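Notes for the one structure printed next.
Every number here is computed from the coordinates shown, using simple stated rules; none is lab data. Just so we're clear, the structure is a prediction, and the values are computed from it rather than from any experiment. Backbone-built Cβ (ideal geometry, glycine too); neighbour counts: all protein chains shown.
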Amino acid sequence: MLRIKNLESGYGRLKVLKKVTMHIGAGEIVTIIGANGAGKTSLLRTVSGLIRVRSGEILFDMRDVGNLPPEKIVFRGCSLVPEGRQLFGPMTVRENILLGAYPRFRKKDGDGVRDDIERIYAIFPRLRERERQLAGTLSGGEQQMLAIARALMARPKLIMMDEPSMGLAPLVIKDIFSIITRLREEGNTVLLVEQNAKAALAIADRGYVLETGRIIMEGTAEDLLSNRDVQRAYLGRDLDAEEKM
Amino acid sequence: MYWEPEKECLDREDLEQLQLERLQSTLNRVYEHVPFYRKKFDAMGISPEDVGSLADLARLPFTTKADLRENYPYGLFAVPMREVVRIHASSGTTGAATVVGYTRNDIRTWSNLVARVLTAGGVTKDDVVQIAFGYGLFTGAFGLHYGAERVGASVIPASSGNTARQIQIMKDFKTTAIVSTPSYALLMADTLREMGIPVSALSLRYGLFGAEPWSDAMRKEIEGKLGIVATDNYGLSEVLGPGVSGECLERQGLHIHEDHFLVEVVDPETLRPVAPGEAGELVITTLTKEAFPMIRYRTRDLTRLLPGTCRCGRTGLRMGRVSGRTDDMLIIKGVNVFPSQIEHILFEFEGTEPHYQIVVDRKGAMDEVTVMVEAAESIFFDQMRRQKEMVEKIQKRLAQELGIAVDVRLVERKTLGRSEGKAKRVVDRRKL
């Protein structure tokens, strides 16, 4: 579905991504884990067309989408749930959801959009309850659900999520992650960027570890979970303390 | 039958994408964690970021057995020792050995790859698998053991030696698949006959053989004598152990597990790639090893890559049987022996001349090694007892060093052939 080869990008003179090569197959949940500043968000922003590709290629459904404008990339079926949700606070929940259907407005697909809203309300009953409420008044978890719902309205083939667990309480994180699992069961493909590596690897099929813009490890979620470097650096296990016990 | 169909039958484009991802992450890791590789890359002015395609592999330096020895024992490990859960070694017990390590994930990968080999060779969870490789530093026994357990078969860790007992076990435990060196399989077949046990009294169906070169003629002989289907498998401890490649039941070459190993075949003199399908030295780069990654390891094994695809449906490249070595290493009873190891020991003894000859022969099915040493005049004229003592001492030291029994014979000075001033050190009379 998505195939990235030797991707390099950055900000100004700063090169953030260095020869990143990775792929996601249809129906997979793939996670990218790494510390702050490793380049995870830059990677999603580059694939979304928000940062220029300096070199390398991004093939989405076998077609090069590198340096297409962001809206074209959404039209192709690749949607981003951005870090920090980026909702329109003064607008209602329903309005925010409808904005996600923007790529379909010209297609006069009113019935389809209404059906999709119903489907989304089935996944997120909480959003139906709060339909008329202003997005800014929602709790953190509800805002994250809304951000995901908005992305789904574009009927993406690939949905990319940037730190969906950020700032949420553990119980709420559990909800969000079970929603991601459900999205996959319904045939979606998910690229998940997370600092909460433990939660991400628990639901992912495969993962990549990004360190200072380079991929230093790839493997099945199982392999990464049992890798001691990953455990120490990203899963917060204090192996020294455990061994002394 | 496949063990991991989604991997073994991956289409070429997906495979190459995966290989590039794994090559790049392996290079990033070795550059970061193994000073040996960093120095070598820096000296050549190349960094992992210069590798953007599989073809760029050719720009990287080779790694040789000598590099492994110079970094004895742990210099090439890419993880701290606390993450290493297993250590194996090959060739001898001294500084000449090469030491390799495995993380928990490496052991899991290893088990899986051997499970592929076993499945391709006909083994299923319903089989009783007898492992007749020596358990120890040698990777053969443990690799096959893990693979067979992974498949879910019943594993008998019979280890090597005591052939009559092997056969008793084979008969009583109803072994259905035997794992050993091909020469040991022949010895077992001959012993079977001597013991007067008909093949029909056994339950054997499959044999998976490796750790030494063998031929199709030998395969036919083993199959006929044991009533089994025999397949070849290949591996070496420096890159993993068994599990690098193995034959399927079509027996048209060994399927290389290309999602874990990048292979090249080069001319051993020029080190340039040979034309497709031509014989040369196999060079292997590991793509998933954590503890002991290898970049462009020169295996010294001669083989060729086979064109076309196999009827079994696996998409990985196939290699022909290993036809020989590019160095002087001998494989005796599955054990790697270098003439230099023997020479090294002979030099420890006073009263022997630095002239020696190693004669390897095959009696029945088993390899036999005789080391002929020219005795110094001083001891040759002395009484027999001293000579005998000397021979015994040398034999003991050689057995210690090599891990196999070796016959030693003292001969008179200047009786060993010297051709053009250069002694012929090794006479290999084995016919495979």
Requested in this report: Using only alpha carbon pairs under 8 Å that are at least six residues apart, calculate the relative contact order of the stretch B:208-364 and give it in whole percent.
Outcome: 17 percent
Report summary line: When A:Met166, B:Met81, A:Met160 are ranked with the fewest other C-beta atoms within 10 Å first, the list becomes B:Met81, A:Met166, A:Met160
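What dipole magnitude, in Debye to the nearest 20, does chain B give about its Cα centre under +1 on Lys/Arg Cβ and -1 on Asp/Glu Cβ? Can you show the working numbers first?
On the way: 56 positive and 59 negative charges, 200 e Å.
That gives chain B a dipole magnitude of about 960 debye.
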Query raised in the report: For the stretch A:88-154, what D do you get in µm² per second when you plug the Kirkwood radius from alpha-carbon pairs into Stokes-Einstein at 20 °C and 1.002 mPa s?
Result: 184 µm²/s
Report summary line: Across A:Ser139, A:Ser165, A:Ser79, the residue with the highest GNM fluctuation in chain A (Cα network, 10 Å cutoff) is A:Ser139
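Given a Förster distance of 30 angstrom, what is the FRET efficiency for A:Arg132 paired with A:Ser178, based on the Cβ-Cβ distance and rounded to 0.05? Write out the running numbers ahead of the final one.
On the way: r = 26 Å, r/R0 = 0.87.
For R0 = 30 Å, the calculated efficiency reads 0.70.
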Query - Cβ neighbours within 10 Å from other chains - mean over B:16-27 - result: 5
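Mind checking the dipole of the stretch A:14-136: about its Cα centre, +1 per Lys or Arg Cβ, -1 per Asp or Glu Cβ, Debye to the nearest 20? Mind dumping the intermediate values first?
Working: 22 positive and 14 negative charges, 86 e Å.
Around 420 debye, computed over the stretch A:14-136.
List the pairs from A:Lys107/B:Lys7; B:Lys7/B:Lys125; A:Lys5/B:Lys7; B:Lys171/B:Lys393; B:Lys39/B:Lys289 whose alpha-carbon separation is above 31 Å, in the order I gave them. Spell out each step's value before the answer.
Numbers: A:Lys107/B:Lys7 41 Å; B:Lys7/B:Lys125 20 Å; A:Lys5/B:Lys7 20 Å; B:Lys171/B:Lys393 39 Å; B:Lys39/B:Lys289 20 Å.
Over 31 Å Cα-Cα: A:Lys107/B:Lys7; B:Lys171/B:Lys393.
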**Report entry** From phi via Karplus (6.51, -1.76, 1.60), per-residue ³J(HN,Hα) for the stretch B:54-70 in Hz, x at Gly/Pro
**Finding:** 5, 5, 5, 3, 4, 7, 8, x, 7, 10, 10, 4, 4, 4, 5, 5, 5
Report task. Translational diffusion coefficient, Stokes-Einstein: compute it for the stretch A:23-64 using the Kirkwood radius over C-alpha pairs as Rh, at 20 °C and 1.002 mPa s, and state it as an integer in µm² s⁻¹. Result -> 181 µm²/s
Query raised in the report: Which Rg and Dmax, in Å, describe the Cα atoms of the stretch B:3-62?
Result: 13.6, 42
Query raised in the report: Hey, what D do you get for the stretch B:11-129 in µm²/s if you plug the Kirkwood alpha-carbon radius into Stokes-Einstein at 10 °C and 1.306 mPa s?
Result: 94 µm²/s
Report task. Mind jotting down the three principal axis lengths of the stretch A:1-77 based on Cα atoms? Whole angstrom, largest first. Result -> 31, 25, 19
Requested in this report: Neighbouring Cβ atoms within 10 Å as the yardstick, rank B:Asp106, B:Asp216 fewest first.
Outcome: B:Asp216, B:Asp106
**Report entry** Mean Cα-pair separation over length for chain B, i.e. relative contact order, pairs under 8 Å, 6 or more apart, %
**Finding:** 14 percent
Query raised in the report: In whole angstrom, and with the biggest value first, how far do the Cα coordinates of chain B range along each principal axis?
Result: 72, 61, 44
Requested in this report: Provide, for q = 0.09 Å⁻¹, the log10 of I(q)/I(0) from a solvent-free Debye sum over equal Cα point scatterers in the protein assembly as shown.
Outcome: -0.85
Query - Footprinting exposure proxy for A:Thr31, B:Thr415 (fewest neighbouring C-beta atoms within 10 Å first) - result: B:Thr415, A:Thr31
Report summary line: Listed by chain and number, the residues whose amide H is under 5 Å from that of B:Arg325, excluding neighbours fewer than 5 places away on the same chain and using placed H, are B:Leu302
Query raised in the report: Once phi is turned into ³J(HN,Hα) by the Karplus curve 6.51 cos²θ - 1.76 cosθ + 1.60 with θ = phi - 60°, what whole-Hz value does each residue of the stretch B:400-414 show in order, with x for glycine and proline?
Result: 4, 6, 8, x, 9, 6, 10, 8, 10, 9, 8, 10, 5, 4, 6
Query - Computed over chain A, Cα set: Rg, Dmax in Å - result: 18.1, 66
Report task. Enter the mean number of other protein chain beta carbons within 10 Å of the beta carbon of each residue in A:1-10, as an integer. Result -> 2
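Can you tally the net charge around A:Asp116? Count Lys and Arg as +1, Asp and Glu as -1, for every other residue whose Cβ sits under 14 Å from the Cβ of A:Asp116.
Values: positive: A:Arg94, A:Arg104, A:Lys107, A:Arg114, A:Arg119, A:Arg128, A:Arg150, A:Arg155; negative: A:Asp109, A:Asp111, A:Asp115, A:Glu118, A:Glu186.
With Lys, Arg at +1 and Asp, Glu at -1, the net is +3.
What ranking, highest mean first, results for peptides B:140-152, B:62-74 when packing means the other Cβ atoms within 10 Å averaged over each residue?
Numbers: B:140-152: 23.8, B:62-74: 16.6.
So the order, starting with the most tightly packed, is B:140-152, B:62-74.
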Query raised in the report: Which whole number gives the average, over all residues in A:216-224, of C-beta atoms from other chains lying within 10 Å of the residue C-beta?
Result: 5
Query - Cβ-Cβ FRET estimate between B:Thr124 and B:Glu412, R0 fixed at 41 Å, reported to 0.05 - result: 0.10
Query - Computed Kirkwood radius, in angstrom, where 1/r is averaged over Cα pairs of the stretch B:335-428 - result: 13.7 Å
Requested in this report: Take the Cα coordinates of the stretch B:158-315, assign each an equal point scatterer, and use the Debye formula without solvent to give log10 I(q)/I(0) at q = 0.09, 0.13, 0.18 Å⁻¹.
Outcome: -0.37, -0.70, -1.08
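Hey, what did chain A get for relative contact order, percent, Cα under 8 Å, at least 6 apart?
Result for chain A is 27 percent.
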Query raised in the report: ³J(HN,Hα) across the stretch B:128-142 via Karplus (A = 6.51, B = -1.76, C = 1.60, θ = phi - 60°), whole Hz, x for Gly/Pro?
Result: 10, 9, 9, 9, 9, 9, x, 7, x, 5, 4, 7, x, 5, 5
